[in-house]
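What follows is a single structure, written as structure tokens, with notes after it.
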Amino acid sequence: MLLDRAGHASVITHLGDEGLAQLKTREFDLVITDLRLPDASGLDIVAAVKALHPETQVILMTSFSSVESAIEALRRGANDYVIKPFDNDDFVFSVERALSERRTRKENAALRRNLKKVFTQHTIIGESDGVKRLLAMIQRVAATDANVLIQGESGCGKELVAQAIHFGGSRAQRPFVAVNCGAIPAELIESELFGHEKGAYTGASSASEGLIREASGGTLFLDEVSEMPLAAQVKLLRVLQERQVRPLGSNQSFLTDTRFLAASNRNLKESAERGSFRADLYYRLNVIAIHVPPLRERGADIELLARHFMHQFCRKFASPVTRMHKDFVEFLHHHSWPGNVRELQNVIERAVILADSDVLTLSDLEEMIATPARDGVAVIAPKGSDLPLSIEDYTKEIITQYQDRYGEAELAALLGIGRKALWVRRRHWDLYRTSESA
């Protein structure tokens, strides 16, 4: 048979019902059917095939006088048609083209599945109960188009959660647009989000569609949404309600199919109650709430993440480091990690760069300044310290160790605090320089 000679395995049936019975027991890449069968119409066969296996390709064979029926078959889901009598080479070409499209669709489906795995199993790393609950929630939420509010401390991975939701859902092939609402000047945020017409304001030399329309069909991630000015909150609420956006300076509104994910390191419910954030917008965004646990509550995940970052930066910097000393690991477990995963990543990167052997040790952290804590005090790891790694204890320890080596301005800068704050702490703890106590 022609298809066998072309290298394709085939199953032949002479009746429509026989062919459909085969399709109910297995899936085929391609179905070729005549328009006229002894027991059925080819148009009905096309519809039945697509109902059973939407991804299966269908080619309809018809005579020249039935071209209108062939066009109808295309409307019902057929991928191609050939007119009898046909040239064998042309027929084989049509078959090859249909099979190629089938392979492409399979590959794209596999890529989407792999992309989902990447963002849920690899990018969000952890085995703690908190992370397991987080991943389960992401999987459930990704299958919907609901608005989601992601809350958690700075540096805990809220944007990774937003990416996992987007790439794990039906919008994975569409844009994922992230914007930090706190990083855009108040006078520009409306233009950035909603777009503007040329000349809408001073400096608007050309029109812009805005980030909401740019993300249409996909997802817009509003990071630090609590920092959005109230005037912009009103306009965002209207977009969420009406699914339309009107650029600045325009009298025309545009439909938008955008999913909204928002994140904040503040308690938005409390902000809404205080009036610093619109309550109606809070409830619109908070259809589903996701809490990202801080690193200090994730137990063994700390070492797991540290090893991941170590291998990542070893590859990046061609470092000889292969492992972490047990004291180094113990330090990681006892530290409070006010800067969460971002702080841990920075600590490991610096340690890998400064390491002078194949083992990360506490000496690689001796002058490591971590992300500033919430009260503005930086945390430094003292070599060989057995103290609990709290912020205050570390501050006290570092003042003791370095106050005779640095001036007031240098020591304050090292700690990430002001000179007055340093003076207050030294007096509170009765810490004096050698020259002062003499």
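Read-outs: derived from the displayed coordinates by stated rules, not from any lab. This structure is a prediction, so every number in the text was calculated from the model and none was measured. Neighbour counts run over all protein chains shown; Cβ positions are idealised from the backbone, glycine included.
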Notebook entry, point to check: Near the amide H of residue 36, under 5 Å away, which other amide H atoms are found, from residues 5 or more places off or on another chain, if H is placed in the peptide plane?
Noted result: 42
Next item on the list: List the pair-distance distribution P(r) of the chain, using every Cα-Cα distance, as the percent of pairs falling in each 10 Å bin from 0 up to the bin containing the longest distance, rounded to whole percents.
Entry: 4, 15, 18, 17, 17, 13, 8, 4, 2, 1, 0, 0
Margin query: When 1/r is averaged over all different Cα pairs and the result inverted, which Kirkwood radius in Å belongs to region 123-293?
Written below: 16.5 Å
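For a footprinting-style exposure proxy, rank 429, 337 by other Cβ within 10 Å, fewest first.
Values: 429 13, 337 27.
Fewest-to-most Cβ neighbours within 10 Å comes out as 429, 337.
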Check: What residues qualify as long-range amide H neighbours of residue 178, i.e. H under 5 Å apart, gap of 5 or more or another chain, H built at 1.01 Å from N?
Finding: 221
Next item on the list: Return the single residue from 359, 347, 58 with maximal mean-square fluctuation; model: Gaussian network over the chain, springs between Cα atoms under 10 Å.
Entry: 58
Check: Among 56, 258, 144, whose mean-square fluctuation peaks in a Gaussian network model of the chain (Cα, cutoff 10 Å)?
Finding: 56
Check: In degrees from 0 to 90, rounded to the nearest 10, what is the angle of the helix 42-52 Cα long axis to the longest principal axis of the chain?
Finding: 20 degrees
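Please go through the residue pairs 158/269; 50/84; 50/132; 158/316; 132/326 and name each one whose alpha carbons sit more than 29 Å apart in this structure.
Working: 158/269 18 Å; 50/84 23 Å; 50/132 38 Å; 158/316 24 Å; 132/326 26 Å.
Result: 50/132 exceed 29 Å.
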Check: Each residue of region 87-95 in order: what ³J(HN,Hα) in whole Hz does its phi give by Karplus 6.51 cos²θ - 1.76 cosθ + 1.60, θ = phi - 60°, with x for Gly and Pro?
Finding: 7, 4, 5, 5, 5, 4, 4, 4, 5
Note to self: Show me, for region 282-299, the HN-Hα J-couplings you get by feeding each phi into the Karplus relation (A = 6.51, B = -1.76, C = 1.60, θ = phi - 60°), rounded to Hz, glycine and proline as x.
What the structure shows: 4, 5, 5, 7, 8, 4, 10, 9, 10, 9, 9, x, x, 4, 5, 9, 9, x
Check: Sequence-distant or interchain residues sharing an amide H contact under 5 Å with residue 125, placed H: which?
Finding: none
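Starting from the Cα coordinates of region 137-217, work out the convex hull volume and express it per residue in Å³. Let's see the in-between values first.
Details: hull volume 8.6 nm³, N = 81.
Normalising the Cα hull of region 137-217 by residue number yields 107 Å³.
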Margin query: Test of understanding: in a Gaussian network model of the chain with alpha carbons linked when under 10 Å, which of 252, 345, 163 would top the mean-square fluctuation ranking?
Written below: 252
Check: Across 5 Å bins from 0, what is the distribution of all Cα-Cα pair distances for region 19-101, in whole percents?
Finding: 3, 16, 28, 26, 19, 8, 1
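Helix-only estimate, please: 222 nm mean residue ellipticity of the chain, summing -39500 (n - 2.57) across DSSP H runs of length 4 or more and dividing by its residues, to the nearest 500.
Numbers: 19 runs with 202 residues, N = 438.
Computed ellipticity for the chain at 222 nm equals -14000 deg cm²/dmol.
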Next item on the list: Convert each backbone phi in region 217-230 into a coupling constant with the Karplus relation 6.51 cos²θ - 1.76 cosθ + 1.60 (shift: θ = phi - 60°), then list the ³J(HN,Hα) values in order as whole Hz, x for Gly and Pro.
Entry: x, x, 10, 10, 9, 9, 7, 6, 5, 5, 8, 6, x, 4
Next item on the list: Using every pair of alpha-carbon atoms in region 43-86, split the distances into 5 Å bins beginning at 0 and state the percent of pairs per bin, rounded to integers.
Entry: 6, 27, 33, 20, 10, 4
